[in-house]
Amino acid sequence: MKRLYDEAESKTYIKWDPKFKIGIPVIDEQHEHLVKLCNDFYQSLLQNKDSDSYRKLIKETLEKCLNYAATHFKEEERLMQASKFSGYKQHKAAHDEFAAQCMITSSEIDSLTVSEAIKFAHFLYDWINTHIAHEDRLYIPTLVEYLKEQKK
């Protein structure tokens, strides 16, 4: 998969791209914030100064990612349920798998090598490019229709 960044020229791991927008402002704002948190995590990896401060920075950044992802998933799942999105169970399962992988990484943070941390950053990158850019598009028609009905 082609990366949307150039490590030699940028500390931005993933650039916000219009393909991530789904047209629902609250979700788009949350997705953009998740991209920012992914970049924060990546930048914390680049600041590899000493072992203790490095691990502390990675752990803090990872916790922010986890907490925000949980908040976002809760909101997205609430909207999918309210709109009676038929793919809700599969979508929630993908969220649960993401959360499980994040929890595993978080629990292993004290023994995580730089290489493993970079692999996790790649996992976040791939998640954004597959889940946000593609999977989330599946619920748009149902959710847009639901939101139109709510405005009447």
Taking the alpha-carbon centre of each part, the distance from the stretch 27-73 to the stretch 137-152 in Å is 31
Which of Lys64/Lys152; Lys59/Lys89; Lys59/Lys84; Lys64/Lys151; Lys119/Lys151; Lys15/Lys152 exceed 32 Å between C-alpha atoms? The answer is Lys64/Lys152; Lys59/Lys84; Lys64/Lys151; Lys119/Lys151; Lys15/Lys152
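Taking each pair of distinct Cα atoms in the chain once, what is the resulting Kirkwood hydrodynamic radius in Å?
Kirkwood radius, the chain: 16.4 Å.
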Once normalised by the length of the stretch 54-152, the mean sequence separation of its alpha carbon contacts under 8 Å that are 6 or more apart gives a contact order in percent of 43
Here the net charge surrounding Phe120, from other residues whose Cβ is less than 15 Å away from its Cβ (Lys, Arg +1; Asp, Glu -1), is -4
With +1 at each Lys and Arg Cβ and -1 at each Asp and Glu Cβ, the charge dipole magnitude of the stretch 16-152 around its Cα centre, to the nearest 20 debye, comes out at 440
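Where does the charge balance sit around Gln90 when Lys and Arg score +1, Asp and Glu -1, over other residues with C-beta under 13 Å from its C-beta?
Values: positive: Lys89, Lys92; negative: Glu77, Asp96, Glu97, Glu135, Asp136.
Charge balance in the 13 Å sphere: -3.
Once you have the Kirkwood Rh of the stretch 16-87 from its Cα pairs, apply Stokes-Einstein at 37 °C and 0.692 mPa s and quote D in µm²/s. Walk me through the intermediate numbers first.
Values: Rh = 13.8 Å.
For these conditions, the coefficient is 238 µm²/s.
The numbers here are math on the coordinates, done by the rules we state, and not lab data. Predicted model only: the values in this text are computed from it and were never measured. Because the Cβ atoms are built from the backbone with ideal geometry, glycine has one as well, and the counts that use them run over all protein chains shown.
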